[in-house]
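What follows is calculated from the coordinates using simple rules that are stated; it is not laboratory data. Not measured: the values here are computed from a predicted model. Please note: Cβ atoms are built from the backbone with ideal geometry, for glycine as well, and neighbour counts cover all protein chains shown.
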Amino acid sequence: MADLHSQYLRIKPEIDQAIQEVLDSTAFIQGPQVKQFEEDLKKYVGSKTVITCANGTDALQIAMMALGCKPGDEVILPVHTYVATAEVIALLGLKPVFTEVDPKTFNLDVSQLEEKITPRTFAIVPVHLYGQSVDMEPLLALARKHSIHVIEDVAQALGAVYTFSDGRNMRAGTMGTIGCTSFFPSKNLGCYGDGGAMFTQDEKLGERIRMIANHGQQKKYHHDLIGVNSRLDTLQAAILRVKLRYLDDYETRRRAVADFYDRELSSVNFLTTPVRASNSTHVFHQYTIRTKGINRDQFKEYLQDRGIPSMIYYPVPLHLQKAYEQPHFPKGSFPITEELSRTVLSLPIHTEMTADQISYICNSIREYPNG
Ligand SMILES: *Cc1c(COP(=O)(O)O)cnc(C)c1O
């Protein structure tokens, strides 16, 4: 699914040097590379403020804390997503309000948002799933109308560009109140351990976020807010500084793989290839197909027998997870998401794939005997 080793080898001298510099300085916590990476990332995404933290899950939690969430507040999120989003909501004593997704883009169905809003609604969390932006223009208008916060989860779509109807372009993660991302090794911009960051255009809010990520202090041993301990290690920041310079190249490589798959697989009648949204670029964190009229799990096994890995993101929707089930959302409450959990399959896509590998995968798919 990923080839982090080959990716490392291609930039080994630069990475090794960056790591060695940190080792020589021994500034393992809050070394200068952390600030430098925040500056670089600020320029890349076009955000006034970037605050790094320990991982993407913490980023979501810190964002909600910084905005002053109160127990019982409601947070609207897609039901087809990674668990981290729901987890921090529940952990903070907030109520996750699950919302159906669009079967084409797999992202929040923005037309179903307004009916979810109540006087207790604190925030909406659009998750930019698999690599493309949620339809943010109507979502932002709705949030403004009801004075609710927008916390973007851009862990899978760092770099994706959303185009507004007036032609303005903005990177996913910089449009809402706060954007949250992850540098988990397999993300499009991944470090060699855990890492995360938050984006905001509000510099005051940025200060609050920075304090909360660092024990609620601005001055050492003076704690004005209740915070957490969530920092990006200097080693990871140094690695990310190098890798950020390659992010555009990585995106181009991923898109080339996706284009290849599209060409080879669009005529295969037992699957549908990913739909590209008209108002967002796709950075292809995942290349996710949907099976049609075949058993997805048998097809996955067939690929496995031919040495082709594939993954199901996500096999169990949030409302059917033991920890997150709610009596008013029984099985059948989210038919599209439940259908997706039975039919989605993500094929290998990464920066080091060769034409031979992709051809082999496509040929194997076309030769599927039950297709
Ligand atoms: C990876 C991911 C996260 C969490 O990131 P971590 O760094 O693993 O904590 C959150 N949301 C989504 C959509 C993700 O894909």
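The residue that is surrounded by the most Cβ atoms within 10 Å (Cβ to Cβ), counting only those in region 198-215 that are among the charged types (D, E, K, R) and assigned to a helix (DSSP H, G or I), is R208. Of everything in region 40-91 that is part of a helix (DSSP H, G or I) and charged (D, E, K, R), the residue that is nearest to G227 (Cα to Cα) is D58. Mind listing just one residue for me: the one in region 252-290 that is more than 20 Å from Q357 (Cβ to Cβ), surrounded by 21 or more Cβ atoms within 10 Å (Cβ to Cβ) and polar (S, T, N, Q) and, of those, farthest from the ligand (Cβ to nearest atom)? Among those that are more than 20 Å from Q357 (Cβ to Cβ), surrounded by 21 or more Cβ atoms within 10 Å (Cβ to Cβ) and polar (S, T, N, Q), it is T281.
Looking at V83, V125, just one residue is within 14 Å of the ligand (Cβ to nearest atom) and surrounded by fewer than 22 Cβ atoms within 10 Å (Cβ to Cβ), and that residue is V83. Among the criteria (1) in contact with a helix residue (DSSP H, G or I) (Cβ under 6 Å, 6 or more places away or on another chain); (2) closer than 18 Å to I212 by Cβ, the one A59 does not fulfil is (1). Residue count for region 17-34 satisfying the condition of being in a helix (DSSP H, G or I) and either among the acidic types (D, E) or touching a strand residue (DSSP E or B) at 6+ places or on another chain (Cβ under 9 Å) (or both): 3. When E137, E74, E114 are checked against the criterion of being in contact (Cβ under 8 Å) with a residue 12 or more places away in the chain, in contact with a helix residue (DSSP H, G or I) (Cβ under 7 Å, 6 or more places away or on another chain), among the acidic types (D, E) and away from the ligand (no atom under 16 Å from the Cβ), a single residue qualifies: E114. So, in region 344-367, how many residues would count as being closer than 15 Å to R296 by Cα and surrounded by 17 or more Cβ atoms within 10 Å (Cβ to Cβ)? Qualifying residue count, region 344-367: 5.
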